[in-house]
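Colleague: Quick one: the structure is below, questions incoming.
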Amino acid sequence: MPVYRPPRIPARDITPEHLFFNRRSFLATAAGGMLAAAGTPALAEALKAAESRYTVDEKLTPEKDVTSYNNFYEFGLGKGDPAANSEKFKPTPWTVKVDGLVGKPKEFGLEELLAMPLEDRVYRMRCVEAWSMVIPWVGFPLSALLDKVEPLGDAKYVAFETIVRPEEMPGQSGYFQSLPWPYLEGLRLDEARHPLTILSVGVYGKTLPNQNGAPIRLVVPWKYGFKGIKSIVRITLTDKQPPSTWNISAPQEYGFYANVNPEVDHPRWSQASENRIGEGGFFGANRRPTLPFNGYGEEVASLYAGMDLRANY
Ligand code: MTE
């Protein structure tokens, strides 16, 4: 049986792998150094801070772990199932319909999405199951796509929907249905417009593998990983808080906001610490403390001013 090979992201759009890892720290250091030499250390610090929003000074999780330890229930419940069971899944041709409370609804072809100005973003990813990774994504800000459809004044939320294709996604058919399909997610419009929020089309400098959500998935680094809906086919602007799959399935365990919060435990386990995949066992000394908002508090805490974060898990 022929194996489908998705097209690679055009080389002009991404940084070559060997340059990629140090580019941001190099730029920040070099530019910062020049400014500091010119007697403007405050500006240099500000520049470094701006650069560090989009990278993480922590070891990248190996590519083999990022692409073989996955949650994608459409392909099965085990961590290895998405990689093992997604060979038949065809991420091209593909379109994403963007509609609802917008002035210019539009169905975007994948080619158009891949032609958006792509960026490298190294983000921490914290799963609600208390494991984490550091992942080099390729993608573009969701706000850039929203700008193209011109959200109307009464749009307050953004709803996302994954494809339903039981003939290619074995977890969507059969006797045992793990979740209701399609997988759904949602963000408040200001969360969706935040510069950290991206639609990813690649990882480790290559097109997204099927198991990571090909051809396009959401990445919101300050929220638990389940908000990062994969293989998106529809994005709808709305005035009501949209349903989200895990919230519908187990509301007592998974909230709509799902901001990473070490102080609010999951009913069945602590969220105070996490296991960084590739760094050793789930228990004991290798666990690292979980950071509020997954370490992105400076950028995003203001979005939730006045909200009781303990209640709005
Ligand atoms: N999106 C869909 N459509 N189906 C899923 O089962 N799992 C979520 C999220 N997006 C999921 C999904 C969960 S629980 C996590 S932790 C992340 O994808 C995992 O992303 P990764 O496999 O790329 O690490």
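The values are calculated or read from the model by the stated rules, or taken from the named source; none is laboratory data. Note that this is a predicted model, so its numbers are computed, not measured. Cβ sites come from the backbone with ideal geometry, for glycine too, and all protein chains shown count toward neighbours. These area figures cover heavy atoms from the full protein model, side chains too; ligands, DNA and RNA do not enter into them. Shrake-Rupley method; radii C 1.70, N 1.55, O 1.52, S 1.80 Å.
Colleague: Just to confirm my numbers, what's the Cα centroid distance between the range 249-283 and the range 101-123 in Å?
Modeller: Going from one Cα centre to the other spans 31 Å.
Colleague: To continue, here is another question. Tell me the label-point distance for the pair GLU263, GLU112, using the 7 Å Cα-to-Cβ offset, in nm and rounded to one decimal.
Modeller: Spacing of the two 7 Å Cα→Cβ label points: 4.4 nm.
Colleague: Calculate, in nm to one decimal, what GLU298 and ASN286 gain on full extension: separation in residues at 0.36 nm each, minus their alpha carbon distance.
Modeller: 1.7 nm is the gain from fully extending GLU298 to ASN286.
Colleague: Here is a follow-up. Rolling a 1.4 angstrom probe over the protein chains, ignoring ligands and nucleic acids, what is the accessible area of VAL233 in square angstrom, nearest 10?
Modeller: 30 Å²
Colleague: Let me ask something additional. If you roll a 1.4 angstrom probe over the protein chains with everything in place, what fraction of the accessible area of the range 77-124 belongs to carbon and sulfur, to the nearest %?
Modeller: C and S fraction of accessible area: 55 percent.
Colleague: Taking the dipole about the Cα centre of the range 100-202, with the C-beta of Lys and Arg at +1 and of Asp and Glu at -1, give me whichever of PRO166, PRO180, LEU196 is farthest to the positive side.
Modeller: LEU196
Colleague: Sticking with this structure for a sec: Which GluC sites (Glu not before Pro) from the range 66-154 combine a DSSP loop assignment with at most 14 other Cβ atoms within 10 Å?
Modeller: Here the sparse-neighbourhood loop sites are GLU87.
Colleague: Please work out how much length the chain gains when fully extended from SER173 to ASP154, using 0.36 nm per residue of separation minus the C-alpha to C-alpha distance, in nm with one decimal.
Modeller: Full extension of this stretch gives 3.1 nm more.
Colleague: I want to make sure I understand the PRE zone here: with the label point 7 angstrom from the Cα of LYS240 toward its beta carbon, which residues in the range 172-199 have backbone N atoms less than 18 Å away?
Modeller: Those under the cut-off are 182, 184-189.
Colleague: Suppose the chain between GLU58 and SER273 were pulled fully straight at 0.36 nm per residue; how much longer would it get relative to their current alpha carbon spacing?
Modeller: Extending this stretch completely gives an extra 75.8 nm.
Colleague: Calculate one ³J(HN,Hα) per residue across the range 150-163 by plugging θ = phi - 60° into the Karplus curve 6.51 cos²θ - 1.76 cosθ + 1.60, and present them in order as whole Hz with x for glycine and proline.
Modeller: Once θ is set to phi - 60°, the couplings for the range 150-163 become 6, x, 7, x, 8, 6, 10, 9, 10, 9, 10, 9, 8, 5 Hz.
Colleague: Under 5 Å between amide hydrogens, which residues at least 5 positions from TYR123 or on another chain qualify, with H placed 1.01 Å from N in the peptide plane?
Modeller: So TYR123 has HN proximity to ILE135, TRP137.
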